[in-house]
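Colleague: Here it is, the structure, as structure tokens.
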Amino acid sequence: MRDGYKTGRNRRSGKVHSPDVAPHRDTGALTILCMKSPARILTFAAVFVLMGAVACAPEEDSTSDDESSEQAKLSECTPDQLDLYKSGTLTVGTDTPAYEPWFAGDDPSNGKGYESAVAYAVADRLGFDKGDVTWTSVPFNSSYQPGEKEFDFDINQISITKKRAQAVTFSKPYYSAAQAVITMKDSEYADATSLDDLKSAKVGAQVGTTSLEAIDQIGPEQQEAIYDNTNQATKALEAGQIDALIADLPSGYYITAAILDGSKLVGQFQPETGDTEEFGLLFEKGNPLVSCVDAAIEDLKSDGTLDSIEKKWLSESTDVPELS
């Protein structure tokens with residue numbers, strides 16, 4: 001197995017979008033929406049049917065990449081040693097529009113938003129200055145298709161699954177989806193500040209999901225309600241058949257922003273059991289760069305940087321408090 005630094009193989013050349021050049025706006029793919037703009041909500045809802053929700057469906061099991069590779073030493077992962085799409089530049093792909101809270105202002109290059117901050121943190125650990133990072137527009141649905149890639153890695157809330165890992169290579173996960181508590185704004189549980197505050201609530205979730213297992217952490221006094229899919233669960237919440245819906249946090253952003261008027265993201269919590277959905281950086285199949293990026297991600301985890309980025313952009317900035 002090739003190591004994670006320079007192997008001497010030639011990289012392809014291709015056009016990329018520099019940070020100061022607005023990318024082509026392709027609205028035919030989905031990212032998570034967390035803004036109330038009607039135009040964005042309509043665009044987002046229209047494409048949602050065309051593509052499975054990035055975080056709602058339990059049908060594909062999460063997995064690490066099917067190729068085992070030895071993680072590189074971060075000290076050996078310098079820009080001059082890395083096998084890059086474009087020499088001296090880290091080319092990062094994501095979709096357009098780039099939605100909050102994952103990005104801010106539809107501008108991945110500003111370093112704001114969770115995934116933009118993560119991309120620049122990885123770049124920093126690999127020895128790149130911010131000006132050495134170039135962004136390119138990559139529609140979500142095409143990112144995990146087999147074939148050559150015109151980027152070094154793609155960051156776009158892409159869940160690690162066995163099916164996708166047959167065509168591309170994933171990094172170690174940089175995000176494990178928290179669970180979200182969703183109520184109607186006028187619910188007596190809308191101001192809950194802890195999981196204990198939900199014990200008397202009628203709680204529901206989709207069958208076969210980590211969200212359903214996570215209900216045990218609440219310890220509800222009533223039997224939980226189980227639904228075939230999140231759409232049914234959302235309708236039950238709207239109809240008052242349940243007081244609170246548990247779903248993964250990315251789905252929670254979507255439900256409250258684009259699906260259910262009058263709903264509220266009450267809070268979030270990390271599941272203690274079950275298979276947590278995880279996002280990974282996506283690479284061309286077999287790209288040796290992944291071993292160095294894995295080393296960077298591990299370093300960001302070990303010193304608390306990833307936790308700090310998550311707290312800033314997925315908790316404090318979105319006003320979705322952590323429930324304990």
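Colleague: If I take every Cα pair under 8 Å that is 6 or more residues apart in region 179-269, average their sequence separation and divide by the length, what percent do I get for the relative contact order?
Modeller: Once divided by the residue count of region 179-269, the mean separation gives 45 percent.
Colleague: Turning to a different aspect of this structure: Could you please report the charge total around Ser308, scoring K, R as +1 and D, E as -1 over all other residues with beta-carbon less than 12 angstrom from its beta-carbon?
Modeller: -1
Colleague: Run down the aspartates and glutamates and flag those whose C-alpha is under 15 Å from the C-alpha of Lys235, throwing out any fewer than 8 positions away in its chain.
Modeller: List returned: Asp243, Asp261.
Colleague: Using modelled amide H (1.01 Å from N, peptide plane; none on Pro or chain starts), what sits under 5 Å from the amide H of Gly286, excluding residues fewer than 5 places away?
Modeller: Residues meeting the amide H criterion: Thr169.
Colleague: For region 222-239, take each phi angle, set θ = phi - 60°, evaluate the Karplus expression 6.51 cos²θ - 1.76 cosθ + 1.60, and give the result in whole Hz per residue in order, putting x for glycine and proline.
Modeller: Karplus-based 3J(HN,Hα) across region 222-239 equals 9, 4, 5, 9, 10, 10, 5, 8, 5, 4, 5, 5, 5, 5, 5, 5, 5, 7 Hz.
Colleague: Enumerate the calculated ³J(HN,Hα) couplings along region 101-118 in order (Karplus 6.51 cos²θ - 1.76 cosθ + 1.60, θ = phi - 60°), each rounded to whole Hz, writing x wherever the residue is Gly or Pro.
Modeller: Residue by residue, region 101-118 yields x, 6, 9, 9, x, 6, 9, x, 7, 8, x, 9, x, 4, 6, 4, 5, 5 Hz.
Colleague: Find out how many positive minus negative residues lie around Asp243, taking Lys and Arg as positive, Asp and Glu as negative, among other residues whose Cβ is under 9 Å from that of Asp243.
Modeller: Counting the neighbours of Asp243, the net charge comes to 0.
Colleague: Which of the residue pairs Lys149/Lys172; Lys130/Lys185; Lys163/Lys202; Lys112/Lys301; Lys285/Lys311 have a Cα-Cα distance greater than 30 Å in the structure shown?
Modeller: Result: Lys130/Lys185; Lys163/Lys202; Lys285/Lys311 exceed 30 Å.
Colleague: Then there's this: Would you give the gap between the C-alpha center of region 153-227 and the C-alpha center of region 257-280, rounded to a whole Å?
Modeller: Answer, in whole Å: 4.
Colleague: Sticking with this one: Which is farthest toward the positive dipole end of region 59-203 among Thr89, Leu195, Ile182, measuring Cα position about the Cα centre, with Cβ charges +1 (Lys, Arg) and -1 (Asp, Glu)?
Modeller: So the residue we want is Leu195.
Colleague: Taking amide hydrogens as modeled 1.01 Å from N in the peptide plane, which residues meet the under 5 Å criterion relative to Val92, leaving out close sequence neighbours?
Modeller: Here Thr134, Trp135, Thr136, Asp152 satisfy the definition.
Colleague: Among the trypsin sites (Lys or Arg not before Pro) in region 95-163, which ones are in a DSSP loop with at most 11 other Cβ atoms within 10 Å of the Cβ? Mind listing them?
Modeller: Answer by residue number: there is no such site.
Colleague: Scan around Ala225 for amide H atoms under 5 Å from its own, H built in the peptide plane at 1.01 Å from N, and keep only partners 5 or more places away or cross-chain.
Modeller: Correct list: Val203, Gly204, Ala205.
Colleague: Now for a separate question. Work out from phi, with θ = phi - 60° and the Karplus expression 6.51 cos²θ - 1.76 cosθ + 1.60, the ³J(HN,Hα) of each residue of region 263-272, listed in order in whole Hz, and give x for Gly and Pro.
Modeller: These are the phi-based 3J(HN,Hα) values: 9, 9, 7, 6, x, 9, 7, 7, x, 9 Hz.
Colleague: Could you tell me what fraction of 2.2 N^0.38 Å the Cα radius of gyration of region 179-269 comes to, as a two-decimal ratio?
Modeller: Scaled against compact globular proteins, the figure is 0.91.
Values in this text are rule-based calculations from the coordinates and carry no lab data. Worth saying up front: this structure is predicted, and the values here are computed from it rather than measured. Every residue, glycine as well, gets a Cβ built from its backbone with ideal geometry; the counts of neighbours run over all protein chains shown.
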